[in-house]
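Colleague: Quick one: the structure is below, questions incoming.
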Amino acid sequence: MSNIYKEIQKRILVLDGAMGTMLQQYKFSEEDFRGDRFKDYTSPLKGNNDLLSITQPEAVKEVHRKYFYAGADIVETNTFSGTRIAMADYKMENLVYELNYQSAKIAKEVAQEVTRKEPYKPRFVAGSIGPTNRTASMSPDVNDPGYRAVTFDELRIAYKEQTEALLDGGVDLLLVETVFDTLNAKAALFAIEEVKSERLIDVPVMVSGTITDASGRTLSGQTAEAFLISISHIPLLSVGFNCALGANLLQPHLEAIASKTVFAISAHPNAGLPNAFGEYDETPEEMASQIEEYLKKDLINIIGGCCGTTPNHITAIAELAKKYQPRQIKIVV
């Protein structure tokens, strides 16, 4: 039984906060994104946060380190857009393996460094697998509802490449996150199972969907319960939700699935909803007070933060999580 299965039985595990929010504070320029290696690259690269694992690795390491010392048990790799589908925006499809491998490697280095200092609390790295910028369930063209910008097989191949690189870089688990289209997620899960079978390995997998608005559904139209059912054929460490909503608005959807699954439940909500400038104003104390309702209702095994959250938010959440027992689950490995 791997360590994460043991640790999740002992306590509520804390996931890190937003990577993008932290990287924005560095105010990196186009030149910073490029570094020496890509200084003559033909495409604009500013905004390609995954690339910073190659061009600004010390900054990415520093973000991981801050989250671990804030109280996180798990940090996510800087690979949210780490597929060749998403990297096509920057004409960097050929860098996908290296981006994922390097991101995993530097996160793992920090995890091992912090674990050595605090061996009583092992730290873990989750390979972040984002949803890509295309959807397999719906047409992007209102005049051609049958058209698809991506196929299941294209997604599967892209996710497999990302998964292999993350595992080679040393991640402890995989996190298929911000799922707005369950068909995309199924392609990722299919690819992960394929890699596990080929390598004769087992690796814990988390899946985290996103409820996009007050309708209580994913972008591809599923309720929380339908989302759970449609991925429950895969052996998962956890299922849950992240992004789009603040902690208070996410709670009903966690309640909808918590009583219906043997999997652990995860949540990493935003720091409230964005203001008119696209920024998040919710303080660590405000966010923690809403998350305490999850803990009182015994809903959660893994808790963290998404957009707008910082190490201060994670500190407040981690201090709170210490006071509560984790939701009881039956681990099947």
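The values are calculated or read from the model by the stated rules, or taken from the named source; none is laboratory data. Computed from a predicted structure; not experimentally measured. Because the Cβ atoms are built from the backbone with ideal geometry, glycine has one as well, and the counts that use them run over all protein chains shown.
Colleague: Can you name every residue in the range 98-111 that is touching a strand residue (DSSP E or B) at 6+ places or on another chain (Cβ under 8 Å) and of a type in the set (A, V, I, L, M, F, W, C)?
Modeller: Once the filter is applied, which keeps residues that are touching a strand residue (DSSP E or B) at 6+ places or on another chain (Cβ under 8 Å) and of a type in the set (A, V, I, L, M, F, W, C), the range 98-111 yields Ala104, Ala107, Val110, Ala111.
Colleague: Further question on the same structure: Among what's in the range 82-100 and is of a type outside the set (A, V, I, L, M, F, W, C) and buried (at least 24 other Cβ atoms within 10 Å of the Cβ), pick the residue that is farthest from Val114 (Cα to Cα).
Modeller: Step one: of the range 82-100, the residues of a type outside the set (A, V, I, L, M, F, W, C) are 82-84, 89-91, 93-94, 97-98, 100.
This time we only want the ones that are buried (at least 24 other Cβ atoms within 10 Å of the Cβ), so: 82-83, 100.
Numbers: Gly82: 25, Thr83: 29, Asn100: 21 Å.
That would be Thr83.
Colleague: Residues being of a type outside the set (D, E, K, R), surrounded by 14 or more Cβ atoms within 10 Å (Cβ to Cβ) and part of a loop (DSSP other than H, G, I, E, B): count how many of those fall in the range 245-282. Quick ask: steps written out before the conclusion?
Modeller: As a first pass, look at the range 245-282 and keep what is of a type outside the set (D, E, K, R): 245-254, 256-259, 261-278, 280.
With the extra rule that they be surrounded by 14 or more Cβ atoms within 10 Å (Cβ to Cβ), the set shrinks to 245-251, 253-254, 256-258, 261, 263-274, 280.
Next, only the ones that are part of a loop (DSSP other than H, G, I, E, B) stay: 261, 263, 271-274, 280.
Number satisfying all stated conditions: 7.
Colleague: Any chance the range 291-305 includes a residue that's among the aliphatic types (A, V, I, L, M) and loosely packed, with under 15 Cβ neighbours inside 10 Å?
Modeller: Initially, the range 291-305 is screened for residues among the aliphatic types (A, V, I, L, M), giving 291, 295, 299-300, 302-303.
So of that shortlist, the ones also loosely packed, with under 15 Cβ neighbours inside 10 Å come out as none.
No: the range 291-305 contains no residue that is among the aliphatic types (A, V, I, L, M) and loosely packed, with under 15 Cβ neighbours inside 10 Å.
Colleague: Test of understanding: among Val14, Val63, which residue is modelled with pLDDT of 95 or more, in contact with a helix residue (DSSP H, G or I) (Cβ under 6 Å, 6 or more places away or on another chain), crowded, with 20+ Cβ neighbours inside 10 Å and within 19 Å of Ile106 (Cα to Cα)?
Modeller: Details: Val14 fails: within 19 Å of Ile106 (Cα to Cα).
When all the criteria are applied, what remains is Val63.
Colleague: Now for a different question. Report every pair of residues separated by at least 6 positions or lying on different chains whose Cβ atoms are under 9 Å apart, first residue within the range 97-110 and among the aromatic types (Phe, Trp, Tyr), second crowded, with 22+ Cβ neighbours inside 10 Å.
Modeller: Going by the 9 Å Cβ cut-off, the qualifying pairs are Tyr97/Gln162; Tyr97/Ala165; Tyr101/Ala165; Tyr101/Leu166; Tyr101/Gly169.
Colleague: Let me ask another. What residue, of Lys186, Lys196, is outside any loop (DSSP other than H, G, I, E, B), out of contact with any Cys (no Cβ under 7 Å at 6 or more places or on another chain) and without any contact (Cβ under 8 Å) to a residue 12 or more places away in the chain? Break it down stepwise before answering.
Modeller: Details: Lys186 fails: without any contact (Cβ under 8 Å) to a residue 12 or more places away in the chain.
Only one candidate qualifies: Lys196.
Colleague: Among Thr163, Thr135, which is the only one that is outside any helix (DSSP H, G or I), in contact with a helix residue (DSSP H, G or I) (Cβ under 7 Å, 6 or more places away or on another chain) and hydroxyl-bearing (Ser, Thr, Tyr)?
Modeller: Numbers: Thr163 fails: outside any helix (DSSP H, G or I).
Exactly one of Thr163, Thr135 is outside any helix (DSSP H, G or I), in contact with a helix residue (DSSP H, G or I) (Cβ under 7 Å, 6 or more places away or on another chain) and hydroxyl-bearing (Ser, Thr, Tyr), namely Thr135.
Colleague: Continuing with this model, one more query. Does the range 130-142 contain at least one residue that is on the phi < 0 side of the Ramachandran plot, among the small types (Gly, Ala, Ser), touching a residue at least 24 places away in the same chain (Cβ under 8 Å) and in contact with a strand residue (DSSP E or B) (Cβ under 8 Å, 6 or more places away or on another chain)? I'd like the intermediate steps shown before the answer.
Modeller: Taking the range 130-142 first, the residues on the phi < 0 side of the Ramachandran plot are 130-131, 133-142.
Of the ones still in play, those that are also among the small types (Gly, Ala, Ser) are 130, 136-137, 139.
From the residues that got through so far, the ones that are touching a residue at least 24 places away in the same chain (Cβ under 8 Å) too are 130, 136-137.
Among the residues that remain, those that are also in contact with a strand residue (DSSP E or B) (Cβ under 8 Å, 6 or more places away or on another chain) are: 130.
Looking for residues that are on the phi < 0 side of the Ramachandran plot, among the small types (Gly, Ala, Ser), touching a residue at least 24 places away in the same chain (Cβ under 8 Å) and in contact with a strand residue (DSSP E or B) (Cβ under 8 Å, 6 or more places away or on another chain), one finds at least one in the range 130-142, hence yes.
Colleague: Within the range 155-165, which residues are under 15 Å from Leu183 (Cα atoms) and either modelled with pLDDT under 95 or touching a Ser or Thr at 6+ places or on another chain (Cβ under 8 Å) (or both)?
Modeller: Leu155, Ala158, Tyr159
Colleague: Follow-up. Among residues belonging to the range 143-200 that are under 18 Å from Ile231 (Cα atoms) and aromatic (Phe, Trp, Tyr), point out the one that is surrounded by the most Cβ atoms within 10 Å (Cβ to Cβ).
Modeller: Tyr159
Colleague: Evaluate the range 61-80: report whether one residue or more is more than 20 Å from Thr309 (Cα to Cα) and free of Cβ contacts under 8 Å to residues at least 24 places away in the same chain. Spell out the reasoning first.
Modeller: Quick first cut of the range 61-80, residues more than 20 Å from Thr309 (Cα to Cα) only: none.
Checked the range 61-80: no residue is more than 20 Å from Thr309 (Cα to Cα) and free of Cβ contacts under 8 Å to residues at least 24 places away in the same chain.
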